[in-house]
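One structure below.
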Amino acid sequence: MKEAFKNPNVYYVLIPVAAALWAVIAGAVFYPQSIEAWQDAKDQTIEAEKLIDQLVTLQPKRLAYKVDENATEEEFDFSKTINGFATVFKIPPSQYNLTVRGETRKAKRRAQSASMSIKTVDIETLSQFLSALLLRWPDMKCEVLSFDKIKNTKNQWSATLSLTYYY
């Protein structure tokens, strides 16, 4: 066996065979994986663009506020805010009821509470709605979130939210 490796003809055959094997593996395994990874990255970019468009549609002043340090802060209004977010997440006004309470003091801060009940919504839309709402208004807290599955439906829920905004 040792004598076979001393023969230079073995290397003349072994090196091209190894290179051909590498080319076959690269073409059959690595190339399709790279195409799939490229497509996944492309899909993520498209999804990110949709989210950015939602942000621009929902709160264009928020982008300007980040650039302009002297921009005036937008006054919070439950009705306007909930209606705006519901429109973006395609929750029709006929599907939810919003009850806003007056301003109170909680933990030495001014606060305003609201209750929102949604008749039918799917879990994904509800989570996106609530996540975007709390992301945009960091001083808002969701005190209570409860949801019940609507019978004889696949992914339809009724939800009740209790929100508090601290000034």
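Since every read-out is calculated from the coordinates, none of them should be taken as a lab result. Predicted model only: the values in this text are computed from it and were never measured.
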Show the residues, 5+ positions off or on another chain, whose built amide H is closer than 5 Å to the amide H of Y96.
K119
Just to confirm the number: angle between the C-alpha axis of helix 123-136 and the first principal axis of the chain, 0 to 90 degrees, nearest 10?
70
So what are the ³J(HN,Hα) numbers for the stretch 106-115, from phi and the Karplus equation (6.51, -1.76, 1.60; θ = phi - 60°), rounded to whole Hz, Gly and Pro as x?
10, 6, 6, 10, 6, 9, 9, 10, 8, 10
Given C-alpha coordinates of the stretch 75-166, what is the ratio Rg to Rh with the Kirkwood estimate of Rh?
0.98
Once the piece of chain linking V144 and R101 is laid out straight, how much longer is it, given 0.36 nm per residue of separation minus the C-alpha distance between them?
13.9 nm
The list (i) 58, 22, 15; (ii) 41, 17, 12; (iii) 25, 16, 15 gives values of semi-axes √(5λ) of the Cα gyration tensor in Å, and only one came from this structure; which label was calculated from it?
(i)
So how many Å³ per residue does the convex hull of the Cα atoms of the stretch 118-167 work out to?
54
Based on the alpha-carbon gyration tensor of the stretch 2-55, what equivalent-ellipsoid semi-axes (square roots of 5 times the eigenvalues) come out, in whole Å, largest first?
49, 8, 6
So what J values fall out for the stretch 151-162 if you push phi through Karplus, 6.51 cos²θ - 1.76 cosθ + 1.60 with θ = phi - 60°, rounded to Hz, Gly and Pro as x?
4, 6, 10, 7, 9, 10, 9, 9, 10, 10, 10, 10
At 222 nm, what helix-only mean residue ellipticity would the chain give, in deg cm²/dmol to the nearest 500, using -39500 (n - 2.57) for each DSSP H run of four or more?
-16000 deg cm²/dmol
Cross-link list K50/K80; K50/K149; K42/K119; K106/K154; K50/K108; K106/K151: which exceed 31 angstrom alpha carbon to alpha carbon?
K42/K119; K106/K154; K50/K108; K106/K151
